[in-house]
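Novice: This is the structure I have questions about; it appears just below.
The values are calculated or read from the model by the stated rules, or taken from the named source; none is laboratory data. Because the structure is predicted, anything quoted here is derived from the model rather than measured. Glycine also receives a Cβ, built like all others from the backbone with ideal geometry; neighbour counts cover every protein chain displayed. Calculation scope for accessible area: heavy atoms of the full protein, side chains included, ligands and nucleic acids excluded. Shrake-Rupley method; radii C 1.70, N 1.55, O 1.52, S 1.80 Å.
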Amino acid sequence: MNDLQLFLSVLTALGLISSVWMLRSAARRLHYRDRSAYWVRVAPLLLCGVVALVLLALALSHAGTTLLWSGAALAAVTAAGSYWVELNPQRVLARRSRS
């Protein structure tokens, strides 16, 4: 493993850990009856995190840098989305009005 692969692996892992941490702390700020709906609504973010984790595992098993780049980018997008949700978790639960 070269330095670039190590850097991208650490970047991906830190992005995924921070995403889980932020989503969990945002869920704690919600009322207990809203938490199940919250987790359902943020499931796509969690799915992106799982895909990034699978890309990381595949890249580490085959030592492919291309998969590491895509996994790191996906982890960064997941972390940014988690940060946006963590700023105001109520916006995830808000229903869109139909015009």
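Novice: Considering only residues that are aromatic (Phe, Trp, Tyr) and surrounded by 13 or more Cβ atoms within 10 Å (Cβ to Cβ), which ones fall in region 9-47? Spell out how you get there, then give the answer.
Specialist: First pass over region 9-47, keeping only residues aromatic (Phe, Trp, Tyr): 21, 32, 38-39.
Of everything in region 9-47, those that are aromatic (Phe, Trp, Tyr) and surrounded by 13 or more Cβ atoms within 10 Å (Cβ to Cβ) turn out to be Trp21, Tyr38, Trp39.
Novice: Within region 39-52, track down each residue that is in a helix (DSSP H, G or I), in contact (Cβ under 8 Å) with a residue 40 or more places away in the chain and not basic (Lys, Arg). I'd like the intermediate steps shown before the answer.
Specialist: Narrowing region 39-52 to residues in a helix (DSSP H, G or I): 39-41, 43-52.
Filter once more, so that each one left must be in contact (Cβ under 8 Å) with a residue 40 or more places away in the chain: 41, 45, 52.
Across region 39-52, the qualifying residues are Leu45, Ala52.
Novice: Test Trp69 against the criterion of being free of Cβ contacts under 8 Å to residues at least 60 places away in the same chain and open to solvent by 40 Å² or more (accessible area, probe 1.4 Å), and give yes or no. Walk me through it before giving the result.
Specialist: Details: free of Cβ contacts under 8 Å to residues at least 60 places away in the same chain: no; open to solvent by 40 Å² or more (accessible area, probe 1.4 Å): yes.
Against the criterion (free of Cβ contacts under 8 Å to residues at least 60 places away in the same chain and open to solvent by 40 Å² or more (accessible area, probe 1.4 Å)), Trp69 does not qualify.
Novice: Out of (1) surrounded by fewer than 12 Cβ atoms within 10 Å (Cβ to Cβ); (2) assigned to a helix (DSSP H, G or I), the odd one out for Met1 is which?
Specialist: Answer for Met1: the failing condition is (2).
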